[in-house]
Amino acid sequence: MSRIALFHSVLGVRPGMTDAADRLRQSGHVVTVVDQYDGRSFDDYEAAGAFAAEIGFPELMRRALDGVGALDDGFVAMGFSNGGGMATYVATQRLLSCAILCSGALPLGRIGAERWPTGVPVQLHYTAGDPFKTPGSVDSVMASVNVAGAAAEYHQYPGFGHLFTDPSMTDEFDGRASDQLWAHVERFIAANT
């Protein structure tokens, strides 16, 4: 059993996020879903992006850190999309066992961090054609983790979905890729907690 902090995408806590939390709980993990939007969620990326921009990245990072304030060191930070950036930020501020970034690799400079924490392994997941993947972002994160003496895994799946593990996102969901991601995640958590 591991303690996992789960960070939502720019769309907020949607069914895919609660499904992810339930899936991890069924595997015996204790999961904290960090809701940085106080219950708001969106169906549209543009509206969600405008809402997130209104809150501001510094405030979102503060809310992410506040959301894990009650967790003891050694938890897993896992995030989807924008939540990958939040998991990255939390990893630079708290002592984690590992971090899992799903469709959300964010270079450390974007969050004002100089280096990845020593020895904290990372697992990254993207589809090959993810429309929100920034060129060079995966390479930047992998390099930062390797410089810190930690293992970094990158898993790329066929397709074009961003939130490809979320069945409620019918244009993006990929059941096969989702099953593969969850198998990788469970193995990674077991090996690093």
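Every number here is computed from the coordinates shown, using simple stated rules; none is lab data. All values derive from a computational prediction rather than experimental measurement. Every residue, glycine as well, gets a Cβ built from its backbone with ideal geometry; the counts of neighbours run over all protein chains shown.
Structural remarks
- Those residues of the range 22-42 which are crowded, with 19+ Cβ neighbours inside 10 Å and in a helix (DSSP H, G or I), in sequence order: LEU24
- Residue satisfying condition, being farther than 24 Å from TRP182 by Cβ and touching a Leu at 6+ places or on another chain (Cβ under 9 Å), within set ASP73, ASP66: ASP73
- Answer residue from the range 64-89, given it is aliphatic (A, V, I, L, M) and farther than 14 Å from GLN123 by Cα and is surrounded by the most Cβ atoms within 10 Å (Cβ to Cβ) among those: MET86
- The range 53-69, subset free of Cβ contacts under 8 Å to residues at least 12 places away in the same chain and part of a loop (DSSP other than H, G, I, E, B), residue nearest to VAL31 (Cα to Cα): GLY69
- Test: GLY104 is of a type outside the set (A, V, I, L, M) and touching a helix residue (DSSP H, G or I) at 6+ places or on another chain (Cβ under 7 Å): yes
- Test for PHE57: is it more than 26 Å from MET1 (Cβ to Cβ) and touching a helix residue (DSSP H, G or I) at 6+ places or on another chain (Cβ under 6 Å): no
- All positions within the range 168-193 that are surrounded by fewer than 16 Cβ atoms within 10 Å (Cβ to Cβ) and not in a helix (DSSP H, G or I): SER168, THR170, ASP171
- When residues of the range 122-148 are limited to those that are under 19 Å from ARG176 (Cβ atoms) and touching a Cys at 6+ places or on another chain (Cβ under 9 Å), the one surrounded by the fewest Cβ atoms within 10 Å (Cβ to Cβ): LEU124
- Any pair with Cβ under 6 angstrom, 6 or more apart, that starts in the range 1-17 at a residue that is within 14 Å of CYS98 (Cβ to Cβ) and touching a residue at least 40 places away in the same chain (Cβ under 8 Å) and ends at one that is hydroxyl-bearing (Ser, Thr, Tyr) and outside any strand (DSSP E or B): SER2/THR193
- Cβ pairs under 7 Å, 6+ apart, first in the range 79-100 and touching a residue at least 12 places away in the same chain (Cβ under 8 Å) and within 19 Å of SER41 (Cα to Cα), second surrounded by fewer than 23 Cβ atoms within 10 Å (Cβ to Cβ) and among the β-branched types (Val, Ile, Thr): GLY85/ILE111
- For the range 125-144, the count of residues that are over 29 Å from SER41 (Cβ atoms) and in contact with a strand residue (DSSP E or B) (Cβ under 6 Å, 6 or more places away or on another chain) is at least one.
- Those residues of the range 93-140 which are touching a Gly at 6+ places or on another chain (Cβ under 9 Å) and among the aliphatic types (A, V, I, L, M), in sequence order: LEU95, LEU96, ALA99, ILE100, LEU101, ALA105, LEU106, ILE111, LEU124, ALA128
- Total residues in the range 18-40 satisfying the condition of being touching a residue at least 24 places away in the same chain (Cβ under 8 Å) and not aliphatic (A, V, I, L, M): the figure is 11.
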